[in-house]
2 protein chains.
Amino acid sequence: MPSISKRGIDMPSSPIRKLVPIADDAKERGINVYHLNIGQPDILTPKVAIDAIKNLDRDILEYSHSAGLIEYREKLVKYYAKFDIDVKKDEIMVTTGGSEAFMFAFFCCFNPGDEIIIPEPFYANYSGFATAMGINIKPITSKFEEGFALPPIEEFEKLITSKTKGIFICNPNNPTGYLYSEEELNQLREIVLKHDLYLLSDEVYREFCYDDYTHISALNLEGLDDNVVLIDSVSKRYSECGIRVGALVSRNKQVIDAAMKYAQARLSPPLLGQIAACASLDASEEYTQTVYNEYLGRRNVLVEGLNKIPGVKSMVPKGAFYTMAKLPVEDSDHFCAWILGEFSYENQTVMMAPGSGFYSSRYLGKDEVRIAYVLNEEDLKKALIVIEKALEVYPGRKQ
Amino acid sequence: MPSISKRGIDMPSSPIRKLVPIADDAKERGINVYHLNIGQPDILTPKVAIDAIKNLDRDILEYSHSAGLIEYREKLVKYYAKFDIDVKKDEIMVTTGGSEAFMFAFFCCFNPGDEIIIPEPFYANYSGFATAMGINIKPITSKFEEGFALPPIEEFEKLITSKTKGIFICNPNNPTGYLYSEEELNQLREIVLKHDLYLLSDEVYREFCYDDYTHISALNLEGLDDNVVLIDSVSKRYSECGIRVGALVSRNKQVIDAAMKYAQARLSPPLLGQIAACASLDASEEYTQTVYNEYLGRRNVLVEGLNKIPGVKSMVPKGAFYTMAKLPVEDSDHFCAWILGEFSYENQTVMMAPGSGFYSSRYLGKDEVRIAYVLNEEDLKKALIVIEKALEVYPGRKQ
């Protein structure tokens with residue numbers, strides 16, 4: 001029997017993978033599982049997008065341009081302009097979800113053995129693709145106590161070697177909900193220029209910034225035209241995760257040219273998804289505002305509720321729809337499995353993502369969980385009660 | 001300015017990339033360009049697929065299962081059974097086109113530095129992904145004079161080293177249209193078993209086998225359950241290249257488990273495409289038969305026409321919808337550029353894919369072109385006249 005590749009073995013599993021069969025078992029026992037583990041919103045996709053699909057006027061579902069439908073890219077130029085991001089059609093490459101955008105960025109910017117610095121906790125799948133491509137992630141821990149702010153820039157300096165080729169940020173942040181300030185972004189700007197690094201910026205939650213905080217795009221940092229590669233996706237913006245449409249945006253023509261070769265090798269991004277994404281850009285202000293208000297309300301219910309549970313703490317996320325909450329437990333991997341497998345309250349339980357999966361440094365995040373507020377307020381309240389009741393009886397509670 | 005990665009630079013361009021601007025120029029001059037270069041059929045997508053999209057009954061376009069919609073995989077089990085291929089639902093992973101299937105296969109089966117043997121000429125994009133992943137392709141030339149049959153198995157033996165981890169075939173073959181015989185497949189079977197190799201088999205043209213030739217799937221070779229990884233796609237089968245739905249199929253559970261980690265890292269294959277692909281499996285026998293007859297007719301017109309042009313030779317392809325034709329030219333890269341840029345006949349010209357792009361060995365394929373018979377018979381006849389007239393006056397004609 002031929003052996004699996006080393007990278008096939010080393011590829012990390014999703015942080016919640018082990019929990020899936022336990023959740024399935026719970027459901028089979030008739031228990032209602034509140035899914036706070038996933039980034040799949042229950043918000044409706046814009047009607048204009050669904051209608052565009054239903055009114056499909058094609059009889060051949062052919063390849064689109066490898067960089068994406070021209071019409072869609074032209075509309076994206078106007079979309080970015082609304083956020084004062086000035087990019088041209090040829091600086092935008094439509095990808096199969098945000099995942100493919102960071103895959104292309106990894107392929108084009110980094111060689112096997114290169115190092116990239118990422119503030120942790122970070123979106124677990126970055127690590128999967130980096131492993132697949134032989135790129136070494138050097139994490140710098142952002143701390144719960146500091147609201148997951150950018151770690152001191154001296155910490156970045158300390159990690160930079162001749163192998164360091166880039167810094168990767170997610171802003172607003174999944175999993176922490178943190179939003180980088182202008183001052184923090186300027187610190188990153190300086191270090192990137194000083195060491196001639198790439199700055200990869202995942203900004204898929206751009207629209208979800210609360211409490212008058214403003215999002216600043218890495219593309220608007222001065223003098224970084226050759227350094228910044230933006231990762232984008234319509235998945236969360238329009239609640240259409242399944243259509244797999246994202247984008248890689250850069251003013252560095254060499255990056256776009258190299259990415260184009262990868263794009264051509266995989267032929268084209270999904271046609272039907274692009275039709276839906278293109279129509280979504282016409283979603284009404286009302287749609288956008290309603291979705292925004294909904295998440296804001298959910299955030300408030302969740303964070304207030306979490307902080308009322310004895311021993312539980314959550315910062316107030318400034319953006320996205322996640323929080324990394326601290327629980328009074330020794331091992332949140334065990335707690336998340338236990339609550340699903342051995343606990344229920346009024347026939348309900350909760351699925352959460354254990355914090356450890358979002359840290360690259362070992363032993364970190366053991367008392368944290370990522371909670372996505374993608375359920376309606378009523379369900380969130382019920383889930384909070386379940387968490388509270390569970391912690392009252394959990395045998396692994398911190399002493 | 002940070003530098004592009006070595007793999008970004010080394011990534012080969014598509015064989016026709018250089019020709020695209022020349023074709024665009026021709027069109028701007030008002031010249032009608034017959035596209036014989038691409039695998040984008042003009043055949044209609046099955047109406048059941050279009051209707052499934054138009055009748056979409058969802059208001060959230062959410063992620064599907066990372067391995068693909070369960071309903072679709074269950075129907076695929078029945079589809080494969082029609083070809084006497086016995087696979088289970090969990091041995092099928094739905095992918096974003098065939099491209100993602102061979103990407104996952106490359107990631108899971110091969111390490112950087114590993115070698116795979118591929119009979120050339122081969123589908124140019126294999127080479128792109130192999131480069132991206134640090135896998136070295138060792139080509140073995142299959143010869144025009146032998147109808148592009150499998151090269152002698154001794155040639156494979158000679159190339160096998162401790163680094164050799166797999167053999168990759170495409171059957172029926174793009175670009176040659178060759179279909180491997182039972183005898184040839186059994187030779188491959190023996191060498192794969194002897195050296196404990198993976199056998200990757202791209203069988204996306206399964207349905208297109210002509211003249212009573214029968215397709216034998218690598219999955220039906222005895223004793224190779226742990227060795228065979230099948231690459232599949234609905235793109236050409238149902239003329240729906242743009243939906244990006246393919247599959248990786250293997251009875252090797254370790255391969256599927258490793259591929260699942262990659263599948264989870266990119267979250268899910270395209271939902272809308274899967275809905276179309278799932279419905280396509282219900283396309284009528286009449287649809288399948290009509291499409292088949294259409295390609296058969298086109299093949300006959302093309303091959304007969306090519307062989308009537310002085311100095312031009314084409315084998316009769318047994319499957320798929322391509323032929324590698326020999327032209328009386330010194331350099332088909334030059335000829336393909338010249339016919340687009342400097343020649344026209346009655347305001348028409350032809351775009352073809354130069355042969356060299358399908359060979360990994362240098363200097364081969366210089367008098368060959370790949371022609372896709374994806375135009376209707378009338379247009380094919382007109383394109384043949386253009387080629388004939390062009391060769392009469394082409395200054396680089398072989399002496």
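Every number here is computed from the coordinates shown, using simple stated rules; none is lab data. What you see is a predicted model, and the numbers here were worked out from it, not measured in a lab. With ideal geometry, Cβ positions are generated from the backbone for all residues, glycine too; neighbour counts draw on all protein chains shown.
Structure notes:
- C-alpha center-to-center spacing [segment A:70-127, segment B:260-289] in angstrom: 26
- Its residue count N sets the reference 2.2 N^0.38 Å, and the alpha-carbon radius of gyration of the protein assembly as shown equals 0.97 times that reference.
- Candidates per chymotrypsin sites (Phe, Trp or Tyr not before Pro) in segment A:318-399, loop by DSSP, up to 13 other Cβ within 10 Å: A:Tyr363
- Shielding of A:256-265 by partner chains, average beta-carbon count, 10 Å: 6
- When the charge dipole of segment B:60-122 is built from unit charges on Cβ atoms (+1 for Lys and Arg, -1 for Asp and Glu) and taken about the Cα centre, the candidate among B:Phe83, B:Ile118, B:Ala105 whose Cα reaches farthest toward its positive end is B:Phe83.
- Per-residue mean of foreign Cβ neighbours for B:61-70 is 5 (Cβ atoms of other chains, 10 Å radius).
- Debye, to nearest 20: dipole size of the protein assembly as shown, +1 on Lys, Arg Cβ, -1 on Asp, Glu Cβ: 780
- Amide H contacts for A:Val350 (H built 1.01 Å from N in the peptide plane; partners 5 or more residues away or on another chain; cut-off under 5 Å): A:Tyr34.
- Taking amide H as placed 1.01 Å from N in the peptide plane, B:Val245 has its amide H under 5 Å from the amide H of B:Gly97, B:Val234, B:Ser235, each at least 5 places away in sequence or on another chain.
- For A:Lys326, the aspartates and glutamates whose Cα comes closer than 17 Å to its Cα, not counting residues fewer than 8 places off in the same chain, are A:Glu120, A:Glu145, A:Glu146, A:Glu304, A:Asp367, A:Glu368, A:Glu388, A:Glu392.
- Taking amide H as placed 1.01 Å from N in the peptide plane, A:Ala149 has its amide H under 5 Å from the amide H of A:Lys143, each at least 5 places away in sequence or on another chain.
- Positive-pole candidate from A:Leu197, A:Ser332, A:Asn37, dipole of the protein assembly as shown, charges at beta carbon: A:Leu197
- Order by protection proxy (mean Cβ within 10 Å, highest first), peptides A:43-56, B:225-238: B:225-238, A:43-56
- Shown for B:Asp84: label points 7 Å from Cα along the beta-carbon vector, and their distances to the equivalent points in the other copies, 6.9 nm in ascending order.
- Residues in segment A:165-171 carry Karplus couplings, in order, of 10, x, 10, 10, 10, 10, 8 Hz; the curve used is 6.51 cos²θ - 1.76 cosθ + 1.60 with θ = phi - 60°, and Gly or Pro positions show x.
- Three-way shape label, segment B:1-132, alpha-carbon gyration tensor, a/c 1.5: oblate
- Residues of type aspartates and glutamates that B:Lys389 reaches as a straight line, Cα spacing below 12 Å, ignoring anything fewer than 8 places off in the same chain: B:Glu346
- Computed from phi, the 3J(HN,Hα) profile of segment B:346-359 under the Karplus parametrisation 6.51, -1.76, 1.60 (θ = phi - 60°) reads 6, 6, 10, 8, 9, 10, 10, 9, x, x, 4, x, 9, 10 Hz, with x in place of Gly and Pro.
- Candidate lysines - alpha carbon under 22 Å from A:Lys138, same-chain residues fewer than 8 apart omitted: A:Lys6, A:Lys158, A:Lys163, A:Lys165, A:Lys194, A:Lys366, B:Lys6, B:Lys261
- Assigned charges on the beta-carbon of Lys, Arg, Asp, Glu; chain A dipole about Cα centre (debye): 880
- Whole-Hz Karplus values for segment B:5-10 come out as 5, 4, 6, x, 6, 6 Hz, taken residue by residue from phi with 6.51 cos²θ - 1.76 cosθ + 1.60 and θ = phi - 60°; glycine and proline positions read x.
- Helices in chain A, meaning DSSP H runs of at least 4 residues, each add -39500 (n - 2.57). Divided by all residues, the mean residue ellipticity at 222 nm is -12000 deg cm²/dmol.
- Treating each Cα of chain A as an identical point scatterer and summing with the Debye formula, the log10 of I(q)/I(0) at q = 0.06, 0.08 Å⁻¹ comes to -0.24, -0.43.
- Remark: mean inter-chain Cβ contacts per residue of B:99-111 equal 4, using a 10 Å Cβ-Cβ cutoff to other protein chain atoms.
- Counting neighbouring Cβ atoms within 10 Å and putting the fewest first, the residues B:Asp333, A:Asp202, A:Asp211 line up as A:Asp211, B:Asp333, A:Asp202.
- Inter-centroid distance (Cα atoms) of segment A:348-396 relative to segment B:134-211, Å: 51
- Segment B:221-285 - Rg (one decimal) and Dmax (whole number), Cα, Å: 13.9, 38
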